[in-house]
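Presented below is the structure to which this report refers.
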Amino acid sequence: MNLPTPIADFFRRKNEHDHNGLSSLFTQNATVTDAGEGKKMQGAEEIKKWIQMSISGLNLHTEIRDCKQQHGGWLVDTVMTGDFKASPARFEYFITLSDDKISALCVEFRGSI
């Protein structure tokens, strides 16, 4: 799939459990909306905390099923497995880039498979 490098790196580092590397992919003022948890994070520090709380320690693996450009960003359809109740589950990510970094990420739970 032809994803922009920062988005491909996000999923690669997520699968490698490189949590410090993940946070380096975001702009300083980026926003993350985790619709499944009903949370919105703004800025580098809040995003680092979200990565630690929502991604670390869950043995997550994300497989990209499809991706397409949409409304000025990228829609990425995934299946995620790991140590969480709904696994395996489908998640959609909408990611916007600015200067080769992630400026906005919204993740939505689309149901267990």
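Is it the case that segment 65-73 has a residue that's closer than 21 Å to His19 by Cβ and either acidic (Asp, Glu) or surrounded by 15 or more Cβ atoms within 10 Å (Cβ to Cβ) (or both)? No, that holds for no residue. Applying the selection to segment 74-98, what residues are hydrophobic (A, V, I, L, M, F, W, C) and buried (at least 16 other Cβ atoms within 10 Å of the Cβ)? Within segment 74-98, Trp74, Val76, Val79, Met80, Ala89, Phe91, Phe94, Ile95, Leu97 meet the criteria.
Picking from residues in segment 22-37 that are hydrophobic (A, V, I, L, M, F, W, C) and within 16 Å of Glu92 (Cα to Cα), the one that is modelled with the highest pLDDT is Val32. Entry remark, segment 38-71: residues being modelled with pLDDT of 95 or more, within 19 Å of Ala8 (Cβ to Cβ) and part of a loop (DSSP other than H, G, I, E, B) number 0 in total. State whether one or more residues within segment 9-21 are assigned to a strand (DSSP E or B), modelled with pLDDT of 95 or more and of a type outside the set (Asp, Glu). Checking segment 9-21: not a single residue is assigned to a strand (DSSP E or B), modelled with pLDDT of 95 or more and of a type outside the set (Asp, Glu).
The values are calculated or read from the model by the stated rules, or taken from the named source; none is laboratory data. Model, not experiment: these values are computed from the prediction. Virtual Cβ from ideal backbone geometry, glycine too; neighbours counted across all protein chains shown.
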